[in-house]
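To start, the structure under review is shown below, and the notes come after it.
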Amino acid sequence: MNIVININSLPKMGQYDDRFFLKDRIQQLIISHPQHNFFIISADKNEPLASLKNSSIVKSNYYGDNVRMALWYACRLPRILKNTEAAIFINMAAICSLKTTVPQCLILQESPTVASSTVFLKKTEVYLKKAITIIASSEFLKNDICKNFKITEDKVQVIYNGTINNFLPIAQPEKEGTKEKYADGKEYFLFAGELNKDNNLLNLLKAFSFFKKRQKSNMQLLIVANNYLPGSLFEKSLQSYKYRNEVKLLPNLPEDELVKIIAAAYVSVYATFKTASYCSVVQAMQCGVPVIVSNTLLMNEICKDVALFTDPAVFKNIADKMMLAFKDETLRNDLVAKGKLRAASFNVSAANDLLWQCIEKNAAKND
């Protein structure tokens, strides 16, 4: 079977959101099915997935403007699917070609109302109905798709994002070495993600200040930012921050260092406003780190009873949860144990098995 996958909508390596981890899932999917051929549509001729024996790159880049993108989906993509004799096309965006009969599967990480900031938003419902199946990364996202775009529930399958397997607990000596390297040898709260308004970092700083005033602790705060730019507004705000010497901004870390920093954290704080991403939360739980998360429908679905939930709009509420995790060691240990069990349900192999079943089922409809 010939399978065409468009990865042009995925971010470059080095980003930590859920879309980044799809790249690892695709790689494992290809490796696990050597008897099938995978054609990867990418703008990068040196795409690492091309090194796999049963995959090849179809170099194609459609970005630039809306007209160019529309022409690519209407003209170029159907030719690619015909030339590769594709049994199925998999896209990582809420866009289909309306000019092909090849079954199309969409893998979505966030609501199309958020992801489609182009003229394509007007046609999103048409694209979603054209797709033979839609894979959503959560029940929350599935409900959003069905409600806002009049899609029947049987057309949307939930497959949770499985995180890559090297996010695991580390030994105590390695924890201490990581704390020495990044946190002056102190325990620390951690945030890992992007520097943007939705991630609520200013409220996190206010919560950390409140925590420091109440606890008189030497605890530090590490912010691992994958989109850091020198001179950013957030960096400037840190210059006048009272506890600036106890806040470490760590930009664009390699994956092996990120694993150590997550695994050595005292608590991971993810008190964000609007996000469909949850890999950072699952990674922390995998590493044996308790998590504080926003009290949203998505985070309640992902974490169930294994996290401390907070109102992201109220910094004192975030601080209360930080103090609770700091003072109650029994609670913290309970969250660690439960978190490891919960994280095990986000297994990348299980996620790929479900994805492959979906591919086989829907490719067969093209026979």
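Protein heavy-atom surface of the chain, 1.4 angstrom probe: 52% of the accessible area is carbon and sulfur, with nucleic acids and ligands not counted. This model, with +1 at the C-beta of Lys and Arg and -1 at the C-beta of Asp and Glu, gives segment 186-269 a dipole about its Cα centre of some 680 debye.
What does the charge add up to near Asn352, with Lys and Arg as +1, Asp and Glu as -1, over the other residues with Cβ less than 12 Å from its Cβ? Please report the intermediate quantities before stating the final value.
Values: positive: Arg25; negative: Asp24, Asp353.
Here the charged neighbours net out to -1.
The heavy atoms of Arg76 present about 80 square angstrom of accessible area, all protein chains included, probe 1.4 Å.
Here are some values of Cα extents along the principal axes in Å: (i) 62, 43, 40; (ii) 83, 50, 34; (iii) 67, 39, 38. Which one was computed from this structure? After the calculation, the listed value that fits is (iii).
Please get the size of the charge dipole for segment 209-367, origin at its Cα centre, with Cβ charges of +1 on Lys and Arg and -1 on Asp and Glu, quoted in debye to the nearest 20.
On the way: 20 positive and 15 negative charges, 165 e Å.
Computed about the Cα centre, the dipole is about 800 debye.
The residues neighbouring Ile57, those whose beta-carbon lies less than 14 Å from its own, together hold a net charge of +2 under the Lys/Arg +1, Asp/Glu -1 convention. Dipole orientation for the chain: of the candidates Thr113, Gln283, Asn91, Thr113 has the Cα lying most toward the positive pole (charges on Cβ; Lys, Arg +1; Asp, Glu -1).
Positive end of the dipole of the chain (Cβ unit charges, origin at the Cα centre): among Ile159, Val102, Pro34, the Cα lying farthest that way belongs to Val102.
Applying the Karplus relation 6.51 cos²θ - 1.76 cosθ + 1.60 with θ = phi - 60° to segment 279-293 yields 3J(HN,Hα) values of 4, 4, 5, 5, 4, 4, 4, 4, 7, x, 10, x, 10, 10, 9 Hz, where x marks Gly and Pro.
In square angstrom, what is the accessible area per residue of segment 97-207 with a 1.4 angstrom probe? Don't jump to the answer; show the numbers that get you there.
On the way: 5210 Å² over 111 residues.
Computed with neighbouring chains in place, this is 47 Å² per residue.
Roughly what angle does helix 348-363 make with the longest principal axis of the chain, taking Cα atoms, 0 to 90 degrees, to the nearest 10? Rounded to the nearest ten degrees, it is 20. Ellipticity at 222 nm from helices only: DSSP H runs of n ≥ 4 in the chain, each -39500 (n - 2.57), divided by the residue count, give -12000 deg cm²/dmol. Out of every Cα-Cα pair that segment 308-351 contains, those further apart than 14 angstrom amount to 61 percent.
Over segment 116-213, what relative contact order in percent results from Cα pairs under 8 Å that are six or more residues apart?
On the way: 50 pairs, mean separation 16.8, N = 98.
Relative contact order here is 17 percent.
Within a Cβ distance under 9 Å of Cys146, other residues only, what is the Lys/Arg minus Asp/Glu net charge? So the environment of Cys146 carries a net charge of +2.
For segment 224-367, with every protein chain kept in place, what is the accessible area per residue (1.4 Å probe, Å²)?
On the way: 6370 Å² over 144 residues.
On a per-residue basis, segment 224-367 sits at 44 Å².
Using the Karplus curve 6.51 cos²θ - 1.76 cosθ + 1.60 with θ = phi - 60°, work out ³J(HN,Hα) for each residue of segment 51-59 in order, rounded to whole Hz, and write x for Gly and Pro. Per-residue couplings from phi come out as 6, 6, 4, 9, 10, 8, 9, 9, 6 Hz.
With a ≥ b ≥ c the root eigenvalues of the C-alpha gyration tensor of segment 181-306, is it rounded (a/c under 1.5), prolate (a/b larger than b/c) or oblate?
Details: a/c = 1.32, a/b = 1.28, b/c = 1.03.
Judged from the Cα gyration tensor, segment 181-306 comes out rounded (a/c under 1.5).
Spatially, segment 296-329 and segment 248-269 are offset by 20 Å when compared through their Cα centroids. Rounded, prolate or oblate: which fits segment 207-274 when a ≥ b ≥ c are the square roots of the eigenvalues of the alpha-carbon gyration tensor, with rounded for a/c under 1.5 and prolate only if a/b beats b/c? Cα axes put segment 207-274 in the oblate bin. Ordering of 93-106, 170-183, 316-329 by packing is 93-106, 316-329, 170-183, highest average first (other Cβ atoms within 10 Å, averaged per residue). Against the chain, whose longest principal axis comes from its Cα atoms, helix 329-343 is set at around 10 degrees. Computed from phi, the 3J(HN,Hα) profile of segment 29-41 under the Karplus parametrisation 6.51, -1.76, 1.60 (θ = phi - 60°) reads 4, 5, 4, 6, 10, x, 7, 10, 9, 10, 10, 9, 7 Hz, with x in place of Gly and Pro.
Cross-link pairs exceeding 27 Å in C-alpha to C-alpha distance, out of Lys338/Lys361; Lys23/Lys82; Lys213/Lys274; Lys59/Lys147; Lys59/Lys99; Lys23/Lys155, comprise Lys338/Lys361; Lys213/Lys274; Lys59/Lys147. Candidate cross-link partners of Lys45 among the aspartates and glutamates, defined by an alpha-carbon separation under 20 Å and a same-chain spacing of 8 or more, comprise Asp24. Helix 315-327 and the longest principal axis of the C-alpha atoms of the chain enclose an angle of approximately 70°. Taking amide H positions as modeled 1.01 Å from N, with prolines and chain starts lacking one, the residues under 5 Å from Ala192 and 5 or more places away or on another chain are Val224.
With a cut-off of 8 Å between alpha carbons and a minimum separation of six or more residues, what is the relative contact order of the chain in percent? Computed value for the chain: 17 percent relative contact order.
The values are calculated or read from the model by the stated rules, or taken from the named source; none is laboratory data. Everything quoted here is computed from the prediction, not taken from an experiment. Quick reminder, even Gly has a Cβ in these numbers, built from the backbone with ideal geometry, and neighbours come from all protein chains shown. Accessible surface areas use protein heavy atoms only, side chains included; no ligands, DNA or RNA. Shrake-Rupley method; radii C 1.70, N 1.55, O 1.52, S 1.80 Å.
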